[in-house]
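**Student:** Could you have a look at this structure, given as structure tokens, before my questions?
The values are calculated or read from the model by the stated rules, or taken from the named source; none is laboratory data. On a predicted model such as this, the values are computed, not experimentally measured, just so you know. Positions of Cβ are backbone-derived with ideal geometry, glycine not excepted, and every protein chain shown enters the neighbour counts. Heavy atoms of the whole protein, side chains included, go into the accessibility calculation; ligands, DNA and RNA do not. Shrake-Rupley method; radii C 1.70, N 1.55, O 1.52, S 1.80 Å.
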Amino acid sequence: ALVTGGDPDAARQALWALAGVGSDAAAGVIHDAAGSTDPGVRAAAAQVMAQRPDDADTALLIRLARDADPSVKAQALSTLGAVGSREAIDSLLSTATGAATEDRVAAISGLGMADDPRVAATLARFIDDRDPQIATAAIYAASNGGDDVDQALLRAFRAAGDGDPRRWAAASQLRQRGVDVDEATSKAIDALVGASYGGYGYGYGGRIYA
């Protein structure tokens, strides 16, 4: 009754409890909830599938990622990133490159949780996107990856004007990722997000990007 009673918060609590049980019967209730007529219940089901995902969960999440309700769609895309399987990443990459802007943003955010070599290259490309919403989402999602992501973040930081959210977001990610930068860039980043520890530069002995 808690799952089908129309209270999304109660449904979410009940579904999390069922996910912790881990039985086939509990999984069946969660899968049934994914087909609820209540979008809040569908979103709750999509959220809890991250706990113990299997192939059936992934298939349901991919279906929910095309849901008519934006909140269900966004939650499913986020959970697909947490699942991180090849099928889940394939779905996110497809949505991130060929959907409406709000869906692309949700998919890009989901990609930020995934550990897949394809993701870093995709996020680096999206950081340079001309759509500021896409670029900003990619900047916030860029916690993994290597030199290509570092360089894209530096380009975004230097190209964005004062007051552009991309500038602050890129500065924060450069700091978080420990990227070594030249002194002038370091001072500009400090002016936005505060002084770094250890004085000159940002990183941990890696390459300094001029």
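**Student:** Taking the Cα centre of the stretch 45-183 as origin, sum charge times position over the Cβ atoms of Lys and Arg (+1) and Asp and Glu (-1), and report the length of that vector in debye to the nearest 20.
**Tutor:** In debye, rounded to 20, the stretch 45-183 gives about 180.
**Student:** Then there is this: Tell me, what % of the accessible area of the chain is carbon and sulfur with a 1.4 angstrom probe?
**Tutor:** Of all accessible area on the chain, carbon and sulfur atoms account for 51 percent.
**Student:** Express the accessible area of the chain per residue in Å², computed with a 1.4 Å probe while the remaining protein chains stay in the model.
**Tutor:** Each residue of the chain exposes 48 Å² on average to a 1.4 Å probe.
**Student:** Considering only 160, 126, 31, whose Cα is most displaced toward the positive end of the charge dipole of the chain, charges sitting on Cβ of Lys, Arg (+1) and Asp, Glu (-1)?
**Tutor:** Positive-end residue among those listed: 160.
**Student:** May I ask for the distance between the Cα centers of the stretch 169-190 and the stretch 23-79, given as a whole number of Å?
**Tutor:** 38
**Student:** Quick one: 3J(HN,Hα) in Hz for the stretch 141-147, Karplus 6.51/-1.76/1.60 with θ = phi - 60°, rounded, Gly and Pro as x.
**Tutor:** Whole-Hz 3J(HN,Hα) from phi for the stretch 141-147: 7, 7, 8, 10, x, x, 4.
**Student:** Please turn the phi angles of the stretch 11-20 into ³J(HN,Hα) values with the Karplus equation 6.51 cos²θ - 1.76 cosθ + 1.60 (θ = phi - 60°), one per residue in order, whole Hz, x for glycine and proline.
**Tutor:** 4, 4, 4, 5, 5, 4, 4, 5, 4, x
**Student:** State log₁₀ I(q)/I(0) for the chain at q = 0.14, 0.15, 0.16 Å⁻¹ as given by the Debye formula over alpha-carbon point scatterers of equal weight, solvent excluded.
**Tutor:** Taken in order of the listed q values, log10 I(q)/I(0) reads -0.82, -0.88, -0.94.
**Student:** Sticking with this one: Return the sequence-ordered ³J(HN,Hα) values of the stretch 105-111 in whole Hz as given by the Karplus equation 6.51 cos²θ - 1.76 cosθ + 1.60 applied to θ = phi - 60°, using x for Gly and Pro.
**Tutor:** Result, ordered by residue: 4, 5, 5, 5, 4, x, 4 Hz.
**Student:** Roughly speaking, what is the stretch gain from residue 31 to residue 159, that is 0.36 nm per residue apart minus the C-alpha to C-alpha distance, in nm to one decimal?
**Tutor:** Working it through step by step, the gained length comes to 41.5 nm.
**Student:** Going by the alpha-carbon gyration tensor, a ≥ b ≥ c the square roots of its eigenvalues, is the stretch 41-125 rounded (a/c under 1.5) or, if a/c is not under 1.5, prolate (a/b greater than b/c) versus oblate?
**Tutor:** Because a/c hits 1.5 or more and a/b fails to exceed b/c, the stretch 41-125 counts as oblate.
**Student:** May I ask which residue of 138, 95, 74 lies farthest towards the positive end of the charge dipole of the chain, with charges of +1 (Lys, Arg) and -1 (Asp, Glu) on Cβ and the Cα centre as origin?
**Tutor:** Farthest towards the positive pole: 138.
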